[in-house]
1. Given contacts defined as C-alpha pairs under 8 Å and at least six residues apart, what's the relative contact order of segment 248-379, whole-number percent?
2. Taking the Cβ of residue 26 as the center, what net charge do the other residues with Cβ under 13 Å away carry, scoring Lys and Arg +1 and Asp and Glu -1?
3. Given Cβ point charges of +1 (Lys, Arg) and -1 (Asp, Glu) and nothing else, what value in debye, to the nearest 20, does the dipole of the chain about its Cα centre take?
4. Please list, by residue number, every one of the chymotrypsin sites (Phe, Trp or Tyr not before Pro) in segment 287-328 that is coil in DSSP and has at most 11 other beta-carbon atoms within 10 Å.
5. If I take every Cα pair under 8 Å that is 6 or more residues apart in segment 108-226, average their sequence separation and divide by the length, what percent do I get for the relative contact order?
6. What residue among 358, 218, 277 has the largest mean-square fluctuation in a Gaussian network model of the chain, using Cα springs under 10 Å?
7. If Lys and Arg each add +1 and Asp and Glu each add -1, what is the summed charge of the other residues whose beta carbon sits under 12 Å from the beta carbon of residue 268?
8. Could you state the per residue volume, in Å³, of the convex hull enclosing the Cα atoms of the chain?
Amino acid sequence: MSTLPYLPFARPTLDEDTINGVTEVLRSGWITTGPQVKKFEAALSVYLGDRPVRVLNSATAALEVALQLCGIGPGDEVITPAQTFFAAPNMIAKVGAKPVFVDVELISRNLDFNAVEQAITPRTKAIMPTHFGGLPVDMDRLYAIAGKYGLRMIEDAALAMGSSWRGRRIGSFGDLTVFSFHPNKNMTSIEGGALVLADEAEALEVETLRFHGITRLPDGTRDVAFPGGKFNLPDVNARIGLGQLARLEEFNHRRRELVADYFRLLQTDPPCLLPHPGYPGDESGHSWNLFAPLLPLDQLRIDRSQFRAALESRGIGTGISYEAAHLTTLFRGYGHRDGELPNTERIARETVTLPLFPTMTRADVERVCATVNEVLAEAKR
Ligand SMILES: *Cc1c(COP(=O)(O)O)cnc(C)c1O
């Protein structure tokens, strides 16, 4: 057992001002959706180029509401990577549409655009791309395809709060963008998510969809025209989100510094396949939610779970992002089989997420790299 403190792969940073702010909300007499949510939405809107923003109690809920907003349902297809979190294809299936899985590029882990164009059919209604680990997809190519085929775009930017493409923040342009404020993301509201829109009328529809489908009638009674969910964010969570948003740039700056240390120090034998470093000249566009190299498993005598156990026994936590979504029991049931999406499946086998969060020190990164170097050297074939 290690005598050093345990290093998880992700950890939220909550400051005293935020904790005191939460206490004030708890004492205020109004704890569910109210004034703090209004403030949080306004602050997010300012951060995202004054676009309409509505918060919900998760990104998963925001993805579902976005699909409903686009009128997507049975008979429709939505193109999505399989190298993503289950929430995206799950919500496509949940609204009754078919997720059409495409492969990703091995290094960026973002959509392979050639595969996207080949996957478009007359039933395609939308594309749901993921900005993997905080690295933006090529927004020029994405929106060129959307325009050419008349498709809606629901960007899964759960990992990309604070990322930008050619100097423009993800979420500040385009069609629909979804962010997550889960504790493992770049900012948190414990649970929570946001849907950013291009259109005020659609933002008003989101208010209905996120709360039972309720509309208010002039006589003070209520009506329902659509069986909406119950996805509102409480004020307690919104207050945390406000405290986090105020520090997001600082958090992301720190993530980039730590990642620079990782690139410098993670020089293993046999070598790992390191993640995409960000676009040249636009390195600050990558918000680095995840630092996830691919392990050289074919050159090792151990498998990934043994590698993870070796790190765990030395006090270092790791994660996996992501398994191949098309090979879950759910989507095998749609007819998907091994071998369909080679890059997705290879990433799913070899990826491991190393610790990365703003309060880590350079010494922590040194410790992780030294440990990974040691474990891989010992396990080399
Ligand atoms: C975390 C995550 C989600 C889900 O976010 P929740 O707020 O937990 O619902 C969706 N997509 C991606 C890519 C994620 O990483």
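The values are calculated or read from the model by the stated rules, or taken from the named source; none is laboratory data. Quick caveat, the model's predicted, so the values are computed rather than measured. Cβ atoms come from the backbone with ideal geometry, glycine included; neighbour counts cover every protein chain shown. These accessible areas exclude ligands, DNA and RNA; they are computed on the full protein's heavy atoms, side chains included. Shrake-Rupley method; radii C 1.70, N 1.55, O 1.52, S 1.80 Å.
1. Here the relative contact order equals 37 percent.
2. It works out to a net charge of 0.
3. Here the chain has a charge dipole of around 380 debye.
4. none
5. For segment 108-226, the relative contact order is 16 percent.
6. Top of the fluctuation ranking is 218.
7. -2
8. In the chain, the Cα hull volume divided by residue count equals 147 Å³.
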